[in-house]
1. Search the stretch 148-161 for residues that are under 14 Å from residue 77 (Cα atoms) and without any contact (Cβ under 8 Å) to a residue 60 or more places away in the chain and pair each with any residue that is polar (S, T, N, Q) and assigned to a loop (DSSP other than H, G, I, E, B) when their beta-carbon atoms are under 7 Å apart and the residues are at least 6 apart or on different chains.
2. Which one is farthest from the chain's Cα centre (by Cα), of the residues in the stretch 148-188 that are among the hydroxyl-bearing types (Ser, Thr, Tyr) and surrounded by fewer than 21 Cβ atoms within 10 Å (Cβ to Cβ)?
3. Going residue by residue through the stretch 82-95, is there one that turns out to be out of contact with any Leu (no Cβ under 6 Å at 6 or more places or on another chain), of a type in the set (Asp, Glu) and modelled with pLDDT of 95 or more?
4. Please specify each residue of the stretch 121-142 satisfying the condition of being of a type outside the set (Val, Ile, Thr), under 16 Å from residue 163 (Cβ atoms) and modelled with pLDDT under 95.
5. From the set of residues in the stretch 75-102 that are among the small types (Gly, Ala, Ser), out of contact with any helix residue (DSSP H, G or I) (no Cβ under 9 Å at 6 or more places or on another chain) and without any contact (Cβ under 8 Å) to a residue 24 or more places away in the chain, which is surrounded by the most Cβ atoms within 10 Å (Cβ to Cβ)?
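The values are calculated or read from the model by the stated rules, or taken from the named source; none is laboratory data. These numbers were taken from a predicted model, which means no experiment stands behind them. Neighbour counts run over all protein chains shown; Cβ positions are idealised from the backbone, glycine included.
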Amino acid sequence: MRSALLALGVVGALALAGCGIPVGGAPTVIANNQLNPRALTPPPTTQAHGTQTYIYLVAASGVPTPEARTVPPALCTDYQALLTVLVQGPGQSEEEDGVYSAIPAGTQVLSVAPRTAGPKPGTGPVTIDFNESFGEVAGNEQELAIEQIVHTVDVLGGTGTALLFEIEGQPIEVPVISLSGADVARPVTAADYDPVAQVPEIC
C-alpha cells in the first residue's frame, strides 16, 4: 500500500512538471527591469472632461440666456475659442426647448484681439472680426446677436468689457438698445443692452 501511494505521488509530480507548474524550489526574485511599469500603476478612476463655462443663446421668450458648455481647461480664458462655440448655435436638446441663436448660420470668428482675457477683467476694448456671413443679420435679430456676443465675452472678461466689431477686417457699426437701436461706431458694453441672467465665476 505504501509503495502504491509513493508511486502515485511520483506520477502526480511528473504530471505537474509536464504542465509547466513548478513543484518545489525557493522563490524566484524578479529583477526590476523585468517588470511592466504599467502593472505597478493603478488605472485612473476618473477622467477630466473640461471646465464648465457659458455662452448666451436666445430663449423662446426672446431674451438672451446663458447655456452651459464644457471646454478644455486651457481654453477657459480664450475669447476666440468661446465665441467659436457660440457661433455653432444651440444643441438639439436646446432647440427642442425653443432656444435659438440670432447669429446667422455660417458665421465664423476670424480673429479676436486680444485673444484671451487679461488679468484685469473689464479692460478693453476687445475687437472681434467675423466673416461676411455675420453681416446677414439685421433689425431686432441684429440687436440680439450683438447682445449674445457681448454677454458671452463678459463671461470671461468680466462685466463691462468693451467690444468693437469688424467684418472681414472692416469696422462696422452696431445697434445699442440704450439708444433705441441706433447704430454706433464706438465700443459697446453690457450696459448698452438689457440686463440678463448672470453666471457664476468660472476658471
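1. So the pair list comes out as 154/161; 161/189.
2. If we take residues in the stretch 148-188 being among the hydroxyl-bearing types (Ser, Thr, Tyr) and surrounded by fewer than 21 Cβ atoms within 10 Å (Cβ to Cβ), then 180 is farthest from the chain's Cα centre (by Cα).
3. Yes, that holds for at least one residue.
4. 121, 122, 124, 125
5. Of everything passing the filter in the stretch 75-102, 91 is surrounded by the most Cβ atoms within 10 Å (Cβ to Cβ).
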